[in-house]
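The values are calculated or read from the model by the stated rules, or taken from the named source; none is laboratory data. What you see is a predicted model; the values in this text were computed from it and never measured. Backbone-built Cβ (ideal geometry, glycine too); neighbour counts: all protein chains shown. Surface areas here come from the heavy atoms of the whole protein model, side chains and all, with no ligands, DNA or RNA. Shrake-Rupley method; radii C 1.70, N 1.55, O 1.52, S 1.80 Å.
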Amino acid sequence: MSITAPKGMRDMLPDEAAYWRNFQNIAFDIFGKYGYVPIEVPIAERTELFVRGIGEATDVVSKEMFNAISDENLNTLLGGGNISANKRLSLRPEGTAGVVRAVVQHDLVPQGAPPVKLMYAGPMFRAEQPQEGRYRQFHQIGVECLGASAATIDAEGIMMAARFFKELGFDESDFVLLINSMGCDNCRPAYRDKVYEYGMSHLDDLCDNCKQRLKSNPLRMFDCKNDTCRKIMQDAPCITDSLCGECNQHYNSVLSMLNNASISYTCDSSLVRGLDYYGRTVFEVQLASKDGAQNALGGGGRYDKLAAEIRQDDKAQANIPGFGFAIGYERCKEALIKKGFSIQNAQKLRVFVACATTDARNYAFNLVQQLRDANIAADLDHQDRSLKSQFKMAGRLGVSQVIIIGTDELEKNLVKIRDMQLHEETLVDASSVIKYFSQLTC
Ligand code: HAM
């Protein structure tokens, strides 16, 4: 049997790979206008980073991590040895923890420095049960702003995400923006206790997972997909009733800036997001047309304690507040295709150089290099095909112009150029070919 891609991991064939690149360009163009600059971090990190950063009780860490074994570790294991926890590696399930680790490691926000705004794009890995909109390798674009706790960062981030969705091709009616505040270390513990009490009063009806969540982190019960648990959690205490004065003020500032910018949103007190690092603002952009699972196109929020959690050294006092979000490429693409969008935009060749005789091959080879040097996408036949099949090939490649070189053309220092749409031929002096194409509009 031939080897296929691993379960839940897909190839992006040329049209789609070009679309993914375009998706990143649209995002980076917009984010760049807000001062975000690119960063690349490793695809694998120490497992400990995700356990500490994202939270041991989250589904992402407890059930969905791809733990990787380096050669060095494998040899240790095969030799009967143990690998210490801080040497274990995992494929990144998301980008935030790695970016914050890099900010801390390279001291990108020294005390008193302005915030650093970083953007990234790339594959993430979660060992989930694959289905439409849910993959084991998927792609995100994301931003992280480290070093500012002001509500303006949250508001401009959410506005930037909304702008991206519109620029990508969504209408405002295609998605809903849900928003909530998760409070801070001052007010969340009391709220957590309330949810614990509430959970205890429904203990017999909770699923086994939620019974476990009740012990480890009761707020994770809001993530449960079980119908009974979901119904129970609909009547759970609201976090917004438990916010301290400062968190309340921060939340109201964000909402008021969104109002001023005419961004529509819905406050949803059950939105806790599936990662433990959030405090204060959390938001999610969901498809309006799809209920429940896999309807989230993107989401994020504030994480003012994550850097300290990752740092865990004597500098932990000098914490770095953060805010960010990530958007899932596959879910956006699938939703846009359902809306009738085409993603067939791989860069097409513009010119094909066809040889009528074998003698013309060297000349043709040099000519395509000149065309490429002049930024004109061009190719030629590399398999000694007949002129007829070279034309067929040019048609299949979708080029708009074919240059034909034969004995006559070589002798007279002329080339024949056929317009494939108009079916017209023009004779052009060999020395003017580049100029001819540079002046054409297509
Ligand atoms: P997240 O909500 O876990 O947040 O993921 C963001 C988006 O990635 C989701 O809304 C969804 O579109 C997409 N996504 C997640 N899992 C899958 C999957 N298995 N298959 C396909 N798409 C998926 C984060 O990852 C946070 N790091 C966002 C963030 C950045 N928060 C602060 N900064």
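Taking the Cβ of residue 224 as the center, what net charge do the other residues with Cβ under 15 Å away carry, scoring Lys and Arg +1 and Asp and Glu -1?
For residues surrounding residue 224, the net value is +3.
Got a number for the accessible area of residue 342? Probe 1.4 Å, square angstrom, nearest 10.
80
If the reach is capped at under 19 angstrom between alpha carbons, list the aspartates and glutamates near residue 211, excluding any in the same chain fewer than eight residues apart.
Of all the aspartates and glutamates, those that pass the test against residue 211 - Cα under 19 Å, at least 8 places apart if same chain - are 56, 59, 193, 197, 223, 227, 235, 276.
Let me know the charge dipole size of the chain about its Cα centre in debye, to the nearest 20, where only the beta-carbon of Lys, Arg (+1) and Asp, Glu (-1) is charged.
So the dipole magnitude of the chain works out to roughly 320 debye.
Full extension from residue 228 to residue 186: what is 0.36 nm times the residue separation minus their Cα-Cα distance, to one decimal in nm?
12.0 nm
Compute the Rg to Rh ratio over the chain from the alpha carbon atoms, using the Kirkwood formula for Rh, and round to two decimal places.
My calculation of the ratio gives 1.10.
Give the peptides 174-182, 277-285 in descending order of average Cβ contacts within 10 Å, highest first.
Result, highest mean first: 277-285, 174-182.
Can you order the peptides 417-427, 87-97 by their average number of other Cβ atoms within 10 Å per residue, highest first?
87-97, 417-427
If each residue of separation counts as 0.36 nm, what is the full-extension length gain between residue 267 and residue 163 once their alpha-carbon separation is subtracted?
35.5 nm
Can you run phi through the Karplus equation (6.51, -1.76, 1.60; θ = phi - 60°) for the stretch 301-308 and list ³J(HN,Hα) in whole Hz, with x for Gly and Pro?
Coupling constants for the stretch 301-308: x, 8, 9, 7, 10, 5, 4, 5 Hz.
Based on alpha-carbon centroids, what's the gap between the stretch 146-164 and the stretch 354-405 in Å, whole number please?
Answer, in whole Å: 50.
Of all accessible surface on the stretch 233-337 at a 1.4 Å probe, what whole percent is carbon and sulfur?
42
By how many nm would the segment from residue 40 to residue 113 lengthen if fully extended, with 0.36 nm per residue of separation less the alpha-carbon distance?
Once the chain is fully extended between residue 40 and residue 113, it gains 24.1 nm.
Any chance you could check the Cα centroid distance between the stretch 103-118 and the stretch 222-301 for me, in angstrom?
For the stretch 103-118 versus the stretch 222-301, the Cα centre distance is 28 Å.
In the stretch 270-386, how many lysine pairs have Cα atoms under 17 Å apart, counting only pairs 8 or more places apart or on different chains?
Lysine pairs, 8 or more places apart or on different chains, close enough: 4.
Leaving out ligands and nucleic acids, and using a 1.4 Å probe, what accessible area per residue does the stretch 136-186 come to in Å²?
Ligands and nucleic acids excluded, the result is 31 Å² per residue.
At 7 Å along Cα-to-Cβ for each site, give me the label-to-label distance between residue 411 and residue 373 in nm.
Reported label-point gap for residue 411 and residue 373 is 2.9 nm.
Can you tell me the order of 141-153, 375-387, 232-244 when each peptide is scored by its average per-residue count of other Cβ atoms within 10 angstrom, highest first?
141-153, 232-244, 375-387
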